[in-house]
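These notes are about the structure you will find just below.
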Amino acid sequence: MDFPERSTGRAHSPAGDSMKHEIRRIARDVVLNGLFSSSIVPTRWRWRLYNFIGLPVQRSYIAPGVFLGSRQVFVGAGTFLNSGCFIDGAAQVRIGANVSLGMRTMVITGTHKLGSSARRADESVSMPVTIEDGCWIGANVTILPGVTLGRGSVVGAGSVVTKSYPPNSKLAGSPARPMGVPLD
């Protein structure tokens, strides 16, 4: 099989490009989710380091052990991401200003289409997630692809948010459902 020539004059292969991409991804994860996420880095410096390498993270509190899946994660000013949070990066994640995410919150942007019985997890699909300003997300909450949580919403610990909700919603359960009257 012939491969097109690059400007270096050497043959190039798609497999070589795939390997380079994988090495870059691993290096990014080692720096982003290894070194920067470790308790070696003072918390007051963490957001600055993420910002320095090009992540759109404003002045916020990001505890050790937070996983940021890509450069498509936006974090607003005054936001608190507690330890063990996992923020997928298959699609864009926007976390507004003054948001609080409890321990081990998972924000998932990737899923799969349902396939045949030979392989149920078929083609990958990704959808963005938005958590608007002022939201409070309890510990161990899972937010699924395509969800928007309106400004000032509260999600109870252990909930699974499967669809979008308007501002000032009070949610709990699996799947999450409105609880009582909306907040002010």
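The values are calculated or read from the model by the stated rules, or taken from the named source; none is laboratory data. What you see is a predicted model, and the numbers here were worked out from it, not measured in a lab. Because the Cβ atoms are built from the backbone with ideal geometry, glycine has one as well, and the counts that use them run over all protein chains shown.
Which ones in the range 56-81 are assigned to a loop (DSSP other than H, G, I, E, B), under 14 Å from the mean Cα position of the chain (by Cα) and surrounded by fewer than 19 Cβ atoms within 10 Å (Cβ to Cβ)?
56, 65, 70, 71
Tell me which residues, restricted to the range 94-106, are more than 18 Å from residue 65 (Cα to Cα) and either within 8 Å of the chain's Cα centre (by Cα) or polar (S, T, N, Q) (or both).
98 - this is the single residue of the range 94-106 that is more than 18 Å from residue 65 (Cα to Cα) and either within 8 Å of the chain's Cα centre (by Cα) or polar (S, T, N, Q) (or both).
Having 3 or more residues that are at pLDDT below 95, loosely packed, with under 14 Cβ neighbours inside 10 Å and not β-branched (Val, Ile, Thr) is the bar; report the strands (runs of 3 or more DSSP E) wholly within the range 103-164 that clear it. Outline the logic, then answer.
Working: elements: 110-114, 121-126, 129-131.
The strands (runs of 3 or more DSSP E) meeting that bar are 110-114, 121-126.
Report whether or not residue 51 is at pLDDT below 85, part of a helix (DSSP H, G or I) and among the polar types (S, T, N, Q).
Numbers: at pLDDT below 85: no; part of a helix (DSSP H, G or I): yes; among the polar types (S, T, N, Q): yes.
For residue 51, the condition - at pLDDT below 85, part of a helix (DSSP H, G or I) and among the polar types (S, T, N, Q) - is not met.
Looking at residue 87, is it closer than 20 Å to residue 150 by Cβ, touching a residue at least 12 places away in the same chain (Cβ under 8 Å), crowded, with 17+ Cβ neighbours inside 10 Å and in contact with a strand residue (DSSP E or B) (Cβ under 6 Å, 6 or more places away or on another chain)?
Details: closer than 20 Å to residue 150 by Cβ: yes; touching a residue at least 12 places away in the same chain (Cβ under 8 Å): yes; crowded, with 17+ Cβ neighbours inside 10 Å: yes; in contact with a strand residue (DSSP E or B) (Cβ under 6 Å, 6 or more places away or on another chain): yes.
Yes, satisfied.
Take residue 97 and tell me if it is under 26 Å from residue 181 (Cβ atoms), surrounded by fewer than 18 Cβ atoms within 10 Å (Cβ to Cβ) and either touching a residue at least 24 places away in the same chain (Cβ under 8 Å) or of a type in the set (Gly, Ala, Ser) (or both).
Values: under 26 Å from residue 181 (Cβ atoms): yes; surrounded by fewer than 18 Cβ atoms within 10 Å (Cβ to Cβ): yes; either touching a residue at least 24 places away in the same chain (Cβ under 8 Å) or of a type in the set (Gly, Ala, Ser) (or both): yes.
Here the answer is yes, as residue 97 does meet what is asked.
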